[in-house]
Each structure stands twice: as structure tokens, then as C-alpha cells.
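Colleague: Got a structure for you, written out below as C-alpha cells; questions coming shortly.
The values are calculated or read from the model by the stated rules, or taken from the named source; none is laboratory data. Because the structure is a prediction, the values reported are computed rather than measured. Here the Cβ positions follow ideal geometry from the backbone for every residue, glycine too, while neighbour counts run over all protein chains shown. Surface accessibility is based on the protein's heavy atoms, side chains included, excluding ligands, DNA and RNA. Shrake-Rupley method; radii C 1.70, N 1.55, O 1.52, S 1.80 Å.
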Amino acid sequence: MDRYNISLLGMSEVRWTGTGKQRVNSGEVMIWYGRSDNIHHEGVALLVSKKHANIIVQWKPVNERLLYVRLNCKYAKLSIVVAYAPIDNAEEETKDIFLQLPPSSTG
């Protein structure tokens, strides 16, 4: 990440199971969310540079295809969503589940 001056790197199809946040040997922080059924398929992650690792305020795994991370930047809070959408030839049910909107909270 230092070589290419990248601060945030969203990744999809990481194929890790479970969820977690950990500092890697090079100093970056990795946040990931994958399947909970121990099948190494799908999964999303965000790699945060060591320079920005201390501004992570909150992170919330939505599902194995969506990860939400909130950063406290100098002038504003920044929300990052890492998404892994199904490919075009995926099963219709998989695409429908991904595209399904949550119920409206207004009544």
C-alpha cells in the first residue's frame, strides 16, 4: 500500500470465514467479514493503511457481501461500504437477496 500511496483498499471474494479486525505485520489494519458456515466462498474486507489505522471509529459486518466501516477523518466522518455484488450469471435468488432493500422505518 505504501508503494502505491493507497490509504484504503476494499477487497471482495476474500474467501475468509468469520469476522475480525487485526493489525498485520506491516502495520495496516485488516477488517473482514466472511461466511459463518466455514465455506471459503464470497467475503469482503477493507485494508486500512498504518497511517490511518487509528481513525477507525466503527465497523459493522452486514453480511458476507457487505461491510460498513466508519472513519473519523480530520474534517468529517467518512463512511465506507465494501460491496461484493453477484455476477450477472449468478442464480436469480442470489441476486434478489443482494438487491433486497431493508424494510422502511417510516410509517
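Colleague: For the stretch 72-77, in order, what is each residue's ³J(HN,Hα) by Karplus, 6.51 cos²θ - 1.76 cosθ + 1.60 with θ = phi - 60°, in whole Hz (x at glycine and Pro)?
Modeller: These are the phi-based 3J(HN,Hα) values: 9, 7, 4, 10, 6, 8 Hz.
Colleague: Next up: How much net charge surrounds ARG70 when only other residues with a Cβ under 11 Å from its Cβ are counted (Lys, Arg +1; Asp, Glu -1)?
Modeller: For residues surrounding ARG70, the net value is +2.
Colleague: Using amide H atoms built 1.01 Å from N in the peptide plane, name the residues 5+ places from TRP59, or on other chains, whose amide H lies under 5 Å from its own.
Modeller: ARG70
Colleague: Here's something else I'd like to know. For Cα extents along the principal axes in Å, the listed values are (i) 41, 39, 24; (ii) 42, 30, 24; (iii) 57, 30, 25; which was obtained by calculation from the structure presented?
Modeller: (i)
Colleague: Take every DSSP beta bridge with both residues inside the stretch 1-51 and express the antiparallel ones as a percent of the total, to the nearest 5.
Modeller: 95 percent
Colleague: Something else now. So what's the back-of-envelope 222 nm ellipticity for the chain, counting only DSSP H runs of four-plus at -39500 (n - 2.57) apiece and dividing by all residues, rounded to 500? Don't jump to the answer; show the numbers that get you there.
Modeller: Values: 1 runs with 8 residues, N = 107.
It lands at -2000 deg cm²/dmol.
Colleague: Summarise the accessible area of the chain (1.4 Å probe, protein heavy atoms) by the percent that is carbon and sulfur.
Modeller: Exposed carbon and sulfur together represent 51 percent of the surface.
Colleague: Enumerate the amide H contacts of GLU42 below 5 Å, restricted to partners 5 or more residues apart or on another chain; note that Pro and chain-start residues carry no placed amide H.
Modeller: ARG15
Colleague: Among all lysine pairs in the chain that are eight or more places apart or on different chains, how many have alpha carbons less than 18 angstrom apart?
Modeller: 7
Colleague: Here is a follow-up. Using the heavy atoms of the protein chains and a 1.4 angstrom probe, tell me the accessible area per residue for the chain in square angstrom.
Modeller: Heavy-atom SASA per residue in the chain reads 70 Å².
Colleague: Relative to the compact globular guide of 2.2 N^0.38 Å, what is the alpha carbon radius of gyration of the stretch 32-85, as a ratio?
Modeller: Relative to the 2.2 N^0.38 Å estimate, the stretch 32-85 comes out at 1.23.
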